[in-house]
Amino acid sequence: MKKILLLVLSSVTLGLFAQTPFSVSEKKGFNTGMFARNGSVVDLKSFKGNIYAAMGNDTGYVYRSSTGDVGSYQRVFNTFGVTRSQYFTVSNDGGGYMFMSTASTFSTNLVMRTADGTNWDNYFLPPGSGAQNISTFKSAGGVADSVYISYFGSSGGVVIVKNALNANDYNNTLGTWDTLTDMYLQFGTYAYPTASVVFHDSLYYAFSDNSLYHTGNGKDLHVNTDFASQMGSTSGIGNSYCSAMEVYNGDLYLGTQNNTGTGFQLWKTSDGVTFTSIADSLYNSLTTISRMKSAGGKLWVLAKNTGGGFEIYSYDGTTFVLENSNEFGAADIDVNYYSGLEFFNDHLYVGVTHFKMPFMQAGHDGESTFASSSTTGGQIWRACLVGSFPTVNITNGDGDTICKGGNVLLNVGGSAVS
């Protein structure tokens with residue numbers, strides 16, 4: 001997929017050809033039937049010594065691996081009727097918990113909780129279509145480490161509620177869930193959250209109407225008018241909304257979606273007041289920064305176009321580098337609706353959708369879930385971020401890449417000779 005790349009950069013150096021090698025972490029293990037269900041990796045998260053992959057758009061399984069090696073992923077969540085798992089969120093307080101949301105066809109949409117990665121509790125039952133975002137945040141002064149969940153309420157706007165990490169009141173029969181806000185009743189918007197992050201003792205939310213909100217005490221939500229005037233809804237910059245946020249080197253970075261034909265933008269702020277443009281992909285077909293991750297001393301950026309074609313960039317505070325421009329050299333993959341980006345065991349992991357014409361497995365919000373029998377399911381790729389590393393050639397045609405000093409076990413088939 002050819003792309004025209006023109007980056008306008010503010011106070012950074014552009015390096016276009018420092019490509020980082022990626023190898024397959026899981027290419028065939030997520031095909032769970034003759035019609036290759038689980039065509040998309042919807043999310044990735046590191047938790048208590050394992051990397052977890054949330055799947056969709058058919059069975060919503062969750063897999064995990066302690067190594068990330070090919071063939072090492074094991075299924076740890078499987079509930080009938082769940083078509084997609086998403087919104088992984090981790091808190092290390094209280095012994096450590098991971099939360100996720102499920103989307104279901106024949107079951108209810110729930111927020112689930114696990115302390116060990118294999119046993120899952122019903123944590124919250126959002127009304128309506130299910131959770132739109134899950135965040136964890138310890139309010140100023142460490143008053144309480146709470147889980148914040150967004151869903152569409154009866155007003156038509158997004159409602160944000162919160163409860164303790166260890167709460168056991170999933171349907172609110174005990175009345176323990178507190179409401180932070182109803183976005184329509186308080187701010188007059190029907191917009192939905194597009195990203196969230198904890199930065200400088202505040203929880204920040206980006207919304208689909210190109211707005212930014214924050215709370216420092218976990219009780220009051222405030223609109224960030226500086227964001228709106230400098231890069232948001234009233235700025236005239238042309239961004240559709242902030243699509244990803246990540247903290248890197250003490251600053252908050254904001255990636256945008258821009259469907260006006262001028263491509264994605266990358267901004268940063270050190271205080272939530274002054275927002276500075278870092279990169280503007282002027283006339284680039286890549287319209288959206290889907291994911292960002294701080295890893296290995298760099299900020300990694302996964303950017304896509306409207307058809308799901310993607311590239312991976314890195315930024316070290318000075319140089320903005322195109323790290324992968326050929327979609328890992330793989331056929332029939334995209335990040336159109338779902339993707340994952342995570343750091344685990346010195347590797348950067350990227351989750352993608354695998355499709356095979358004439359049918360696509362993945363689709364927005366559970367639609368277009370057909371797949372051909374030759375589809376092998378969602379894929380995970382990874383790059384080593386420390387030292388140099390060799391490629392180990394595997395006889396079935398797939399390569400495996402390990403970091404320098406790592407170990408690999410080679411299983412020799414019966415027809416092989418030494």
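Couple of notes before you dig in:
- Restricting the stretch 158-179 to residues that are among the hydrophobic types (A, V, I, L, M, F, W, C) and over 25 Å from the mean Cα position of the chain (by Cα), the residue that is farthest from residue 139 (Cα to Cα): 174
- Test: residue in the stretch 134-156 that is surrounded by fewer than 22 Cβ atoms within 10 Å (Cβ to Cβ), in contact with a Ser or Thr (Cβ under 8 Å, 6 or more places away or on another chain), more than 20 Å from residue 56 (Cα to Cα) and among the β-branched types (Val, Ile, Thr): yes
- Within the stretch 97-123, the set of residues being under 15 Å from residue 51 (Cα atoms) and not hydrophobic (A, V, I, L, M, F, W, C) comprises 97, 114, 116, 117, 118.
- Members of the stretch 105-140 found to be over 14 Å from residue 87 (Cα atoms), at pLDDT below 95 and under 19 Å from the mean Cα position of the chain (by Cα), listed by number: 137
- If the condition is being farther than 23 Å from residue 287 by Cβ and either touching a helix residue (DSSP H, G or I) at 6+ places or on another chain (Cβ under 6 Å) or among the hydroxyl-bearing types (Ser, Thr, Tyr) (or both), then the stretch 320-351 contributes only 349.
- Number of residues in the stretch 303-331 that are touching a residue at least 40 places away in the same chain (Cβ under 8 Å), more than 19 Å from the chain's Cα centre (by Cα) and not in a strand (DSSP E or B) equals 4.
- Test result for residue 252, surrounded by fewer than 23 Cβ atoms within 10 Å (Cβ to Cβ) and in a strand (DSSP E or B): yes
- Residue within the stretch 233-242 that is touching a strand residue (DSSP E or B) at 6+ places or on another chain (Cβ under 6 Å) and in a strand (DSSP E or B) present: yes
- Within the stretch 42-60, if we keep just the residues that are assigned to a strand (DSSP E or B) and among the polar types (S, T, N, Q), the residue that is surrounded by the fewest Cβ atoms within 10 Å (Cβ to Cβ) turns out to be 46.
- Unique match (being under 20 Å from residue 245 (Cα atoms), out of contact with any helix residue (DSSP H, G or I) (no Cβ under 8 Å at 6 or more places or on another chain) and not in a strand (DSSP E or B)) among 228, 167, 206, 195: 228
- Residues located in the stretch 36-83, provided they are of a type in the set (Ser, Thr, Tyr) and out of contact with any strand residue (DSSP E or B) (no Cβ under 8 Å at 6 or more places or on another chain): 67
- Pair list, Cβ < 6 Å and 6+ apart or interchain, from the stretch 93-118 residues that are charged (D, E, K, R) and surrounded by fewer than 20 Cβ atoms within 10 Å (Cβ to Cβ) to residues that are part of a strand (DSSP E or B) and modelled with pLDDT under 95: 93/145
The values are calculated or read from the model by the stated rules, or taken from the named source; none is laboratory data. Since the model is a prediction, treat every value here as computed from it, not as a measurement. Glycine also receives a Cβ, built like all others from the backbone with ideal geometry; neighbour counts cover every protein chain displayed.
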